[in-house]
Amino acid sequence: MKIAVFFVFFFSLLSSQLQAQGITATLLEEGTDKPIPFATIQFEKNRGVISNEDGVFKIPDSDKISEISISSIGYEIKTLSLEDMMPVIYLKPATIELTSVFISDKNLGAEDILERAIAAVPQNYEFDLRKKRFFLRRSYVDHVNDFKLDIEESTIEGLDQPFMDKIISKVPKYVDSYREYLGDLYGNYDDQKVQLLKVANLENPLNEESVEDMVKRFEKILQDNVTEGTFLKIKSGILAVKMDADEVNEEIEESKSSRDPETPEELEKQQKKRLENTQNSANRSIGRLMDNMFWEEDIVLDVFEKSRKYEFTNEGFININNSIAYVLAFEPKRGADFKGKVYIDTEDFGIHRLDYENVKNLKSFSLLGIRTQDHLYSGKIIFNKGENGKYGPRFIEQYSGSKAEIERPFTLLVKKEKGFIFKKKLEEVDMEFKINTTNLNKTELVVYEDEALLESEFENLSTAMDFDFRTFKEYDPEFWSGYNIIEPNAAIKEFTALETD
């Protein structure tokens, strides 16, 4: 009896803690314990969250919630009261029992299904003005795979191999940065206004003090060698830049002034500019996502616009939020770029979800020792069907990646300005420069709330630069306490900015 009382007390305490601190839980598949990513957790009519790639989700202010509904493609919908919440929630894979009448009625070829889905876009998707509460996360990762500055010859004192080795040592081989935005999105797919509410900037800058020391040293070397009556010439193959002593000094002075401590007025101006840039960055990021919806023309993901370049296969049916959808797989033919899957409703032919990834480099460039590749472009779009029967984006994830390599010789020459038919060489530095980098970007957009917006409200709306902007050296979950966000993955939680010397 005492044990039973203890467990009643324990679970009551656990429930009260969940209500006070918000709900955090992990979704797993029943029978396999596989995480269930990108599931929808609905807790009010037009409000909900999305589980992250590890199946983790969090709901703040849970004291205002009586129950939640969890749905994901291929799983049975699960409705739970707050008292029934546990740290791990299991979803059961959905089984579909199809009658022979249903099968015969829906027995369409993959191309027919796709054509109907494209034709139904105008009536299936919400193109009117809307107000949406959103959370946007942008992740940036840079790898320096190889970096060399090899001095072959130098007559300039201090500009030698040890100095170049020091430069190389100060460049981190791996840098990750993250920026998270919470705000309201007004408009439609063609025209948007963004009002930011909070922004967290997890920045991993270069070691600024060490870089500044090296910049100062390099500036002094130039000033000591590029004197009155001489000029500096920088060559790389057939490319060359020439600067006389005055131009060199002007460049150095401008660089120094940008590093000097700012006045209060300049600091205020700098902060205002930072907020404007942040606002513009959010506008551009969301605008690009809206401009690249699958029905648009001349976009990178050309699966629907150039469907004849792809082979579509009907893989059967799947349960999505008590609806049945076709599962169409696609892969390239005739040199196309992508493979993936699209989930299309059997009744109205609306697209519930689209997954895609590239199968080859999208762009390549090589000229004069400079090589670039766009090697990664993948992602997913999950649409939510509202009570008005219209589909709208609920979650968008997009990865992009590029590789770059530069391998070129560089020569720094200091020559006499006048008095010689052939300019007399005074000093020379010859070096080989090589750098190989990989850049990865990830964008995640979650829409939590969605409501109608009048045209007059949109036209009269002006956004303000009064949002809360903070830069952190490590992830701080308290910054988002009380707000709906997509839970960060392990890399973000473990983020720590590089220490400066």
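The values are calculated or read from the model by the stated rules, or taken from the named source; none is laboratory data. Quick caveat, the model's predicted, so the values are computed rather than measured. Cβ atoms come from the backbone with ideal geometry, glycine included; neighbour counts cover every protein chain shown.
Things worth noting here:
- Residue within region 182-196 that is of a type in the set (Val, Ile, Thr) and either under 25 Å from the mean Cα position of the chain (by Cα) or more than 30 Å from Glu455 (Cα to Cα) (or both) present: yes
- Taken as a whole, region 233-255 holds at least one residue that is under 30 Å from Glu428 (Cα atoms) and in a loop (DSSP other than H, G, I, E, B).
- Taken as a whole, region 97-108 holds no residue that is at pLDDT 95 or above, loosely packed, with under 13 Cβ neighbours inside 10 Å, over 28 Å from the mean Cα position of the chain (by Cα) and not in a loop (DSSP other than H, G, I, E, B).
- Strands (runs of 3 or more DSSP E) lying entirely in region 351-417 (those with 3 or more residues that are of a type in the set (Phe, Trp, Tyr)): 391-416
- The residue that is nearest to Asp337 (Cα to Cα), counting only those in region 281-322 that are in contact (Cβ under 8 Å) with a residue 60 or more places away in the chain and among the hydroxyl-bearing types (Ser, Thr, Tyr), is Ser307.
- Qualifying residue in region 418-429 (condition: assigned by TED's automatic domain parsing to the domain that holds Ile286, closer than 30 Å to Val241 by Cβ, modelled with pLDDT of 85 or more and not acidic (Asp, Glu)): yes
- Meets criteria (of a type in the set (Gly, Ala, Ser), in the same structural domain as Pro477 (by TED's automatic domain parsing), more than 30 Å from Asp150 (Cβ to Cβ) and modelled with pLDDT under 80) for Ser210: no
- When we screen Arg394, Arg353 for residues that are basic (Lys, Arg) and not assigned by TED's automatic domain parsing to the domain that holds Leu426, the only hit is Arg353.
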